[in-house]
Every structure is written in structure tokens, then in C-alpha cells.
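Asks: After the C-alpha cells below, expect a handful of questions from me.
The values are calculated or read from the model by the stated rules, or taken from the named source; none is laboratory data. Because the structure is a prediction, the values reported are computed rather than measured. No Cβ is skipped: glycine too gets one built from the backbone with ideal geometry, and neighbour counts run over all protein chains shown. Surface accessibility is based on the protein's heavy atoms, side chains included, excluding ligands, DNA and RNA. Shrake-Rupley method; radii C 1.70, N 1.55, O 1.52, S 1.80 Å.
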Amino acid sequence: MSKIADAFANGKAFIPFITCGDPDLATTKEIICSMAANGADLIELGIPFSDPTAEGPVIQNANLRALKQGVTTDKIFDMVRELRTDAVHPIRLPMVFMTYANVVFSYDAEKFIRTCREIGIDGLILPDLPFEEKGEFDAICEKYDVDLISLIAPTSENRVAMIAKKARGFIYIVSSLGVTGVRSEIKTDIPSLVKLVRENTSVPCAVGFGISTPAQAAKMAGISDGAIVGSAIIKLVAQYGKDAAGPVGEYVRKMKDAI
Amino acid sequence: MSDSKGRFGVHGGQYIPETLMNAVIELEEAYNHYKDDPAFNKELTDLFDEYANRPSRLYYAEKMTKDLGGAKIYLKREDLNHTGSHKINNVLGQALLAKKMGKTRLIAETGAGQHGVATATAAALLGMECVVFMGEEDTKRQALNVYRMQLLGASVIPVTTGTATLKDAVSEAMREWTSRIDDTHYCLGSVMGPHPFPTIVRDFQAVISREIKQQILEKEGRLPDIVMACVGGGSNAMGTFYHFIEDKEVALIGCEAAGRGIDTFETAATINTGRLGIFHGMKSYFCQDKYGQIAPVYSISAGLDYPGIGPEHAWLHDTGRASYVPVTDEEAVNAFEYLSRTEGIIPAIESAHAVAHAMKIAPAYDKDKIIVITISGRGDKDCAAIARYRGEDIHE
């Protein structure tokens, strides 16, 4: 059992996302502490990539803002290390990285994943690494006990069982077609997807893409094991900049209470 | 990598969101079904011959040969195809395939606009809806092609993200495909992206080397010593090389856009300056920094202004079967002007990169050696930009 299981141990999990280094790493640290203090069960830390092909405009822009600030993979590793070893309030809840395959591959996948273990990162989400390609990263992830998170999409259909059977940590159910971003309505038949997942694995599943309101989060967490929220938080960061930790914390509290 | 498909050595694969996996699997199955289907191939050959003006000429460039004083130079005239470039070969194949798959809408990325124009053309001919993504920077550099696409009934969406050039247009087309798969085929324009695109595009472009081989045997009774073409993603080069790969005596040369030089940051020469990475669905060589951030590449040529190269080229480079040489903006512009004056042929600025390298190497070869250069497109679209490069402002 990985540490990720802890996130789902006490009821439904609320999983907020943050792009590291937007607007700067000091603010990111404050936001992570604020998320942890306000009920987040697991935090997804985005390592920015120049060309995030699975993201809508909100997170694309956050990636570019962060890179412009000079954020690098090494600086993000340092930030996580500091958060985990803080003398007063170390962050204890599970955390995963969300980034693109090239960020891991060009760093040297073994070195990247070994560092994840050393600094206390529990999993890795790579949206451009489908089931067929995960082999080369999976072996290293298993070696260092870092969970490579599997994604299931509305178009997965006949692939759900195959993916679910090999899943570790948790399963990320993509709620809708398209890229990340706030949606007024989620039309996919999520309950059927969740049912298929549960028939094939005991690994928990959480729904992401398009969730922004407490009502949506409650609904999605109600039919799965948790809700993942990204763009709505990044919008708050874009709005409040260096003062975003407070408003993001309030938002996380509201969402956690709703589920 | 036992599950991975579409590998060329370590390169290739399918690094795409789960949302698109069934779409590329469906495409692969349809392609495997139709590629050997006589009726499909007849329909495609008819379109090539009757509509696209194939076979394209293999022209002996006598004045250029004499002027350079070395190897005999032939030009494979893809610029004479309908729509003015080799792009139509791939597009007619993919559009026909998409139609057989029941798709009613084509989306495409475009750099110089040649692939966008070709896709808009095929969509008009086959009665399909067409949306083309084009970097905002390129819509300015290639305003005429934007108008052509709109005239053909396509909508052109300017892409403002990132560097607002070809790579961003590819990213945006991929994003659009993940949001609408049922009725939409992504008509990718080069030998890149996730499997099966590098193979499909190569096969449709392989008509270029199939014809060169036949034509040169008719004219010279033997194979050429060198075949060469410009390389961005690498579709015209792959088409030019493909049927010569097994003929080891034929040297294969790809000409990359060096921009202001491979020792500057303003370059798009992927093999010469890039390293192994994963991007746009494939493992291959990419211009990137030490953390894997994709570099904002530069070339005067919008069609070669791309930070990666198709996986089969990466493999041909690894095995040493093909060589890839850098050509600067200045060299390409000189070749653009040279071919116009010497042979009365205005090549696309992309193709001029290959002409430039031929100008460098041809004089050193004996007169009985043969070089074939693929002129991938015509240069009308580039006249305003080249004039600007030379300090002259003309209105398009």
C-alpha cells in the first residue's frame, strides 16, 4: 500500500492541483500549506512544461508564467524537500507530481523518480503517457515505490479493464473530452466508468477535468472516491497573485466540506 | 516497451492522452484495411493523376549543372502538383481514408500554409468540413495562404499560445482532436506525431521516390548517387528517401533549417542541435533545454520552423543511413534567388534549403555523378518575405 491510499482512507478525497512557480515558488509553498491546513487529502503539484498539450488556456498560461519566472525541476524538488522537512509544520499528506513525459525523460527518468522517492513524492501523473507506453517508466517507478497514476477517459471504453487491472495509487478519471478547464456541465456517464473500474481493481478512483463548484465536486465525489480540481484554483492564483494562499485555502475548505 | 507500437529504433511510439488512444487505434485499423485494398488504391491513384497532376516531372537542370560544373542535377518537381507542393499527396490519402472511416470533418495544423491549403482543397473536393490551426505569427508571414484556405471554404484559427508558430499549431490541433473525435480526423501534415501517423504519411509521400526511381532509370539507366530534400518534420524528405533506403549506394541527405546558424539560439536544426525527447506523440530528437522544455526555434521558413523531426528520420540518422546537414537563412535565400535566375523556377523557401546544399556539394563531384533534389513546393508564397529579407517592402 502506498501513502496515496491514506488520502482515500477517511471518506471522499479532495485533490487540489497547483502549478509550481506560478507566480513564484514562495507563493506555491504558502498555497500548499494552506491547502493542507484546509482539508486537502492529496495535492497534485504541476511541474510546468513549455507545451502542455492536455491543458486548456488557464493552466497553459500558468505554465508559461511559471517558466518565465525561471522555475526548474531542480528548484521544485528543493521546494518539496523543504516542505517535507519543515521543523515546525512539515507537510505530511500525500503529494504527486503532474507533468509531461519529456520533463521526466530528459531529466533522466531514473534520477527523476529516485529523487521523487527521496524528497517524498508519492506518485506521478503523466497525461501524455498512455497504457501502451508506460512500461519504460513503470519499471523505475516500481523500483522506487512511486505510483505511476493511470488515466481513464470517456473514450476508453474497451480499455478500462486493461488499464484498471494494472493501476496503482489511484485512477484519474477524465470527466470529459478535450483539455483541462472549467465546464458548466459534465455529460459523460461517470457512474458506468466507475462501475467498470471497480469491477477490475480495488484501487480508488477520483474524477477530474471541468470541476469548479462545490455542487459539481459533491456529485463527482459521490459517484467515485474523490474530486480533482485544477483550473478553478489556478484562476484564483492568477487573480490574487502572491496573496493567493488565503483565497485558495478558503476555496479548498468549501470544496472539502461539500464532498 | 513490449506494448509500444510504431517504433523506428528507439524512436516513435504513441505518447498521447488516453482520450485519443482509441482514435489512433481506429485509424491504424482502418489504414491497415485500406492500404492494400485495390479499390481504395485505384481511387487514390486517380486523384493523384487526374486531380493532383501526378506523376510530377523529374527535370534535368542543365543550366544549373553547367553553372556549378560538377554532378548532374535533376529536380523532382513537386512544386508542379496541384496546390503547389508535395503536401497534397498525403492529404488526398488521409482525406480519402477519413471519408471511408465515416468522418465528416478534417482538422489540420499548418506552418507555411501549404499543408493547410492542401487540406482545405481535399475537404472542398470530398465535401468535408475543414478547420486549420495556424500560428498567429505564420498567419502574418503567410497571409496569402490564409486567404486561399478561406477561399476554399476552411476556417483558419490563429494560434496565439507559445511561440505562435508551427509547434503551437500542432499542439492546438491535438487539443481540438481530444475534444471532438467522433466526426473528426486530424489530418497531420508530416511524418511525425503518434503512430500510425509517421507511417501513414510516409507511405502516401513515398510516391515521390517511387516516381524518381522509375524516371531516373528511364533517363539515365541507373540510380542516382545522391537524393536530397529539405527537412522540417520531414515528409517530403521521407517521401524522397523511402524507396532508396535499401539501395545502399544512394546517399540520402536531409537539409535542416539552421536559421541564423547552429551556434546560435535562432535555429531549427533538430538533428544538429537537438537531443532525444518525447513530444507531440513521439520519441525523437527535439530542440530543448536541459530540463526538457521545448526550445522556441527559428527559421526564415515557416514550414521548417519546428523543434522536432519525424521518428524515422531520427532512426535513419542513428543508423547512419541518411545524413542531415544544416543550411542557414542566408544560404537558403541565395539559393531561392539562384534557382529563380538560373532555371526560371522559384522554389519554396523550404525547398531552397536543399538547393543551397546542392550548390555547396555539386561542384566537387565528377560530371558523371547524379544528384536529385526534391523541390517540395513553389515559392510564390515566399516572395514578399524574401523581398523583406532583402530590405524591400512589397505589397502582397
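Asks: Just by accessible area at a 1.4 angstrom probe, what is the order of B:E26, A:E250, A:E55, B:E337 from largest to smallest? Don't skip to the end; give the middle numbers.
Replies: On the way: B:E26 70, A:E250 135, A:E55 10, B:E337 45 Å².
Ranked list, largest accessible area first: A:E250, B:E26, B:E337, A:E55.
Asks: For segment A:1-148, give the magnitude of the charge dipole about the Cα centre (Cβ charges: +1 Lys/Arg, -1 Asp/Glu; no others), in debye to the nearest 20. Mind dumping the intermediate values first?
Replies: Working: 14 positive and 24 negative charges, 87 e Å.
Using only the charged Cβ atoms, the result is roughly 420 debye.
Asks: Moving on. Charges on Cβ only, +1 for Lys and Arg, -1 for Asp and Glu, centred on the Cα centroid of segment B:38-110; of B:P55, B:N81, B:A39, which one is farthest towards the dipole's positive end?
Replies: B:A39
Asks: OK, next. Wrap a convex hull around the Cα atoms of segment B:199-272, take a quarter of its surface area, and give that in square nanometres. Before the final figure, lay out each step's value.
Replies: On the way: hull surface 22.4 nm².
Reported value for the Cα convex hull: 5.6 nm².
Asks: Identify all lysines with a Cα-Cα distance to B:K381 below 23 Å; exclude those on the same chain that are fewer than 8 residues away in sequence.
Replies: Leaving aside lysines fewer than 8 places away in the same chain, those within reach of B:K381 are B:K76, B:K87, B:K140, B:K167.
Asks: Taking just the alpha-carbon atoms of segment B:141-222, what radius of gyration and Dmax come out, in angstrom?
Replies: Expressed in Å, the Cα Rg and Dmax of segment B:141-222 come to 17.5, 52.
Asks: Still on this structure, please answer the following. Rounded to a whole number, what is D in µm²/s for segment A:16-149 from Stokes-Einstein with the Kirkwood radius over alpha-carbon pairs (25 °C, 0.890 mPa s)?
Replies: Numbers: Rh = 14.9 Å.
Taking Rh from Cα pairs, D becomes 164 µm²/s.
Asks: While we're on this one: Pick from A:S231, A:S175, A:S202: which residue has the top mean-square fluctuation in a GNM of chain A where Cα pairs under 10 Å get a spring?
Replies: Checking each option, the largest mean-square fluctuation is seen for A:S202.
Asks: Now for a separate question. When the accessible area of segment B:45-113 is computed with all protein chains present and a 1.4 Å probe, what percentage of it is carbon and sulfur?
Replies: Heavy-atom surface of segment B:45-113 belonging to carbon and sulfur, 1.4 Å probe: 46 percent.
Asks: When the gyration tensor of segment A:199-259 is built from Cα positions, what are the square roots of 5 times its three eigenvalues, in whole Å, from largest to smallest? Let's see the in-between values first.
Replies: Details: eigenvalues 128, 25, 17 Å².
Semi-axis lengths for segment A:199-259 are 25, 11, 9 Å.
Asks: Same structure again: Report the rotationally averaged projected area of segment B:1-95 based on its alpha-carbon convex hull, in square nanometres. Intermediate values should be presented prior to the final figure.
Replies: Numbers: hull surface 39.5 nm².
Orientation-averaged projected area of the Cα hull: 9.9 nm².
Asks: With both partners inside segment B:227-360, how many of the DSSP beta bridges are antiparallel, as a percent to the nearest 5? The partial results should precede the final answer.
Replies: Working: 7 of 19 bridges.
The antiparallel fraction comes to roughly 35 percent.
Asks: Another question, then. Taking A:K219 as the anchor, which lysines have their alpha carbon closer than 25 Å to its alpha carbon, excluding any fewer than eight residues away along the same chain?
Replies: A:K12, A:K187, A:K195, A:K235, A:K254, A:K256
Asks: Still on this model: Hey, any idea what the orientation-averaged projected area of the convex hull of segment A:21-75's Cα atoms comes to, in nm²?
Replies: Values: hull surface 16.4 nm².
Answer in nm², one decimal: 4.1.
Asks: Another question, then. So what is the diffusion coefficient of chain B in µm² per second by Stokes-Einstein at 37 °C and 0.692 mPa s, using a Kirkwood Rh over Cα pairs? The partial results should precede the final answer.
Replies: On the way: Rh = 20.6 Å.
Once the numbers are plugged in, D ends up at 159 µm²/s.
Asks: Show me you know the interface measure: the accessible area buried between B and A, both chains summed, probe 1.4 Å, in Å² to the nearest 100.
Replies: On the way: alone 15210 and 10990 Å², together 23110 Å².
Rounded to the nearest hundred, the buried surface is 3100 Å².
Asks: Follow-up question, since we're still on this one. Can you compute the charge dipole magnitude of segment A:107-232 about its Cα centre, using +1 on each Lys and Arg Cβ and -1 on each Asp and Glu Cβ, nothing else charged? Give it in debye, rounded to the nearest 20.
Replies: Working: 14 positive and 17 negative charges, 77 e Å.
The calculation lands at about 380 debye.
Asks: At 20 °C and 1.002 mPa s, grab the translational diffusion coefficient of chain A from Stokes-Einstein with a Kirkwood Rh over Cα pairs, rounded to a whole number in µm² per second. Let's see the in-between values first.
Replies: On the way: Rh = 18.0 Å.
Approximately 119 µm²/s, per Stokes-Einstein.
Asks: Heavy atoms only, probe 1.4 Å: what % of the accessible area of segment B:180-231 goes to carbon and sulfur, would you let me know?
Replies: 45
Asks: Using Cα-only point scatterers and the Debye equation, what is log10 of I(q)/I(0) for segment B:97-205 at each q in 0.22, 0.24 Å⁻¹, rounded to two decimals?
Replies: Reported log10 I(q)/I(0), two decimals: -1.23, -1.41.
Asks: Treating the beta-carbon of each Lys and Arg as +1 and of each Asp and Glu as -1, no other charges, what is the dipole magnitude of segment B:346-387 about its Cα centre, to the nearest 20 debye?
Replies: Working: 5 positive and 5 negative charges, 11 e Å.
My answer is approximately 60 debye.
Asks: Tell me, what % of the accessible area of segment A:45-142 is carbon and sulfur with a 1.4 angstrom probe? Display every interim value, and only then the final one.
Replies: On the way: 1670 of 3270 Å².
Roughly 51 percent of what the probe reaches on segment A:45-142 is carbon or sulfur.
Asks: With just the Cα atoms of the protein assembly as shown, tell me how far they stretch along each of the three principal axes, in Å, largest first.
Replies: Here the Cα extents, ordered largest to smallest, are 81, 50, 48 Å.
Asks: I'd like to check one number: the per residue accessible area of the protein assembly as shown, probe 1.4 Å, reported in Å² as a whole number. Before the final figure, lay out each step's value.
Replies: Details: 23110 Å² over 655 residues.
That works out to 35 Å² per residue.
Asks: If Rh is defined by the Kirkwood formula over all Cα pairs and Rg also comes from Cα, what ratio Rg/Rh do you get for segment A:72-148? Don't jump to the answer; show the numbers that get you there.
Replies: On the way: Rg = 12.5 Å, Rh = 12.8 Å.
Here the Rg-to-Rh quotient is 0.98.
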